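Please read the structure below before turning to the comments.
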Amino acid sequence: MNWSLAERLRSGTVLGAEGYVFELERRGYIKAGPFVPEVVLDYPDAVRELHREFLRAGAEVMVALTYYAHREKLRDVGREHDLEAMNRQAVRIAREVAGEGGALVAGNVCNTWAYDPDDPATRETVRAMYAEQLGWAAEEGIDFVISETNDYLGEAMIALEVIQALGLLAMVTLAPTQPDRTRDGYEYAQACRILAAEGAQVVGLNCDRGPATMVPLITRIRETVECAVAMQPVPYRTDAAAPTMQALRSPGGERSFPIALEPFACTRFEMAQFAQQARDLGVDYVGICCGAGPQHVRAMAEALGREVPASKYSPSMDLHPLFRADLSARDAAFLPSWNA
Ligand SMILES: [Zn+2]
């Protein structure tokens, strides 16, 4: 049985997984800088495979890779003519893989970089971009829409209106790049309250902050809204000195964002702990954003008490020659050199 998003939220925690753009860039299929998902048309098998890895790791939602597949961004890389094909194909691929494991399919829109709260004309530009992307997605068949990494409440509201006009459920999350409020001046919890009041089914935060620095903000959101709350942090060790991944710096003082963040990566164990913490905080949709790998997602799923297809290959360190209980005398002789 394939439960709807509403049913899944009512019955427990929903596990999401994102970060497709970062991971496919790391694998050599997306250009860092523009970060446009050209891979959807150029190497669809790469997208299919990553969806499948997240699905096997326990993700319940396949998010169509239409992040930055909007008119403004495609124009930057000279592929505006591929706009419709890219958006439609991304949804088809997500649907195909979701069908292999009873997952939901989410359409996806994000911040456009075209919105300017001081220029009313940009509202229509943004609305047109969302309307065409989500119109194609709805035609291809999606279960709900994730509008994410919103810097402005105003831009998020436009996405919400477009989603509602299509008769779809909306999960709207803000990008917590600032200390406590959106770029148009709304405290994050207040912005979420407004989005919920306007009819978003799920509100919350995604991207930019690691678990440690996103938790205080999400706690406040949880206290403020009655609807379902989503939290999808990046798996990086952000802290008080560098609360966002954009602020992380190498020992030499160079900015690590976006393609030198590896030294700050959270282990699967840290993300497992985060998943439990988020669930205990009352977060309904627990996920992960840029930097995610399937090892994180599987550990999060298992921390939530689930056995998933990839659990077949979960660690059995007791079978490692040097960690097993019945360590042989020959293998025991290796250990002093490892411990040196
Ligand atoms: Zn992200």
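The values are calculated or read from the model by the stated rules, or taken from the named source; none is laboratory data. Bear in mind that the values here come from a model prediction, so they are computed numbers and not experimental data. We place every Cβ from the backbone using ideal geometry, glycine too, and count neighbours over all the protein chains shown. SASA here: full protein model, heavy atoms, side chains in, ligands and nucleic acids out. Shrake-Rupley method; radii C 1.70, N 1.55, O 1.52, S 1.80 Å.
See the values below:
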item: Total residues in segment 315-340, condition surrounded by 10 or more Cβ atoms within 10 Å (Cβ to Cβ) and among the charged types (D, E, K, R); result: 2
item: Residue match in segment 254-263 (condition: over 28 Å from Ile30 (Cβ atoms), surrounded by fewer than 21 Cβ atoms within 10 Å (Cβ to Cβ) and either modelled with pLDDT of 95 or more or away from the ligand (no atom under 14 Å from the Cβ) (or both)); result: no
item: Helices (runs of 4 or more DSSP H) fully within segment 1-119 counting 1 or more residues that are away from the ligand (no atom under 16 Å from the Cβ) and open to solvent by less than 40 Å² (accessible area, probe 1.4 Å); result: 5-11, 39-42, 44-56, 71-76, 83-98
item: Test: residue in segment 270-284 that is over 30 Å from Glu49 (Cβ atoms), modelled with pLDDT of 95 or more and within 16 Å of the ligand (Cβ to nearest atom); result: no
item: Residues of segment 200-253 classified as free of Cβ contacts under 8 Å to residues at least 60 places away in the same chain and in contact with an Asp or Glu (Cβ under 7 Å, 6 or more places away or on another chain), total; result: 4
item: Residues that are closer than 16 Å to Ala228 by Cβ and open to solvent by 10 Å² or more (accessible area, probe 1.4 Å), drawn from segment 146-177; result: Leu168, Leu169
item: Extreme residue, nearest to the ligand (Cβ to nearest atom), among residues of segment 301-320 that are hydrophobic (A, V, I, L, M, F, W, C) and closer than 14 Å to Leu55 by Cβ; result: Ala301
